[in-house]
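Undergrad: Attaching a single structure in structure tokens format; questions to follow.
Please treat every number below as a calculation from the coordinates, not as lab data. This structure is a prediction, so every number in the text was calculated from the model and none was measured. Note that each Cβ is placed from the backbone with ideal geometry, even for glycine, and that neighbours are counted across all protein chains shown.
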Ligand code: FES
């Protein structure tokens, strides 16, 4: 995996068996850089709390694994109730292509990404 920035976009590039995928580099849990995590097949694991994402879809594959945040802590403590409400967000993915050995990533304006954009096309 590699990471690069274009303007305010932080993009993770992953090579999965010769196919190139691009996804937001920032974890949808608490913003860690995913390129410092681990890639196994099409799943990238965040280095901070171990959320897993499918790089091909940007969807959360596994919620965080935080030591000490077992169910009883979340249900019985004030801090646990607050932290238990944190949602891990799916990430945007980007179209890619390789031309003459150069990886190209399609970055659309903010208005054209996300679920609303895909419903209108
Ligand atoms: S910041 Fe990625 S799992 Fe918490």
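Undergrad: Please report the orientation-averaged projected area of the stretch 2-120, defined via the convex hull of its C-alpha atoms, in nm².
TA: Averaged projected hull area, Cα only: 8.8 nm².
Undergrad: Separate question: Provide the gained length on full extension for the span residue 106 to residue 17, in nm with one decimal, where the gain is 0.36 nm per separating residue minus the Cα-Cα distance.
TA: Answer, rounded to one decimal: 30.0 nm.
Undergrad: Also, I was wondering about something else. Calculate the spin-label point distance for residue 89 paired with residue 71, positioning each point 7 Å from the Cα along the beta-carbon direction, and give it in nanometres.
TA: Placing both labels 7 Å along Cα→Cβ, they lie 2.9 nm apart.
Undergrad: Additional query: Evaluate the relative contact order of the chain (contact order divided by residue number), counting alpha-carbon pairs under 8 angstrom at least 6 apart; express in whole percent.
TA: With pairs under 8 Å counted, the relative contact order is 19 percent.
Undergrad: How high is the FRET efficiency from residue 59 to residue 81, r the C-beta distance, R0 30 Å, rounded to 0.05?
TA: Numbers: r = 26 Å, r/R0 = 0.88.
Efficiency computed from Cβ-Cβ geometry: 0.70.
Undergrad: Hey, another quick one. What 222 nm value per residue comes from the helices of the chain, counting each DSSP H run with n ≥ 4 as -39,500 (n - 2.57) and dividing by all residues, nearest 500 deg cm²/dmol?
TA: Roughly -3500 deg cm²/dmol at 222 nm, from the helical runs in the chain.
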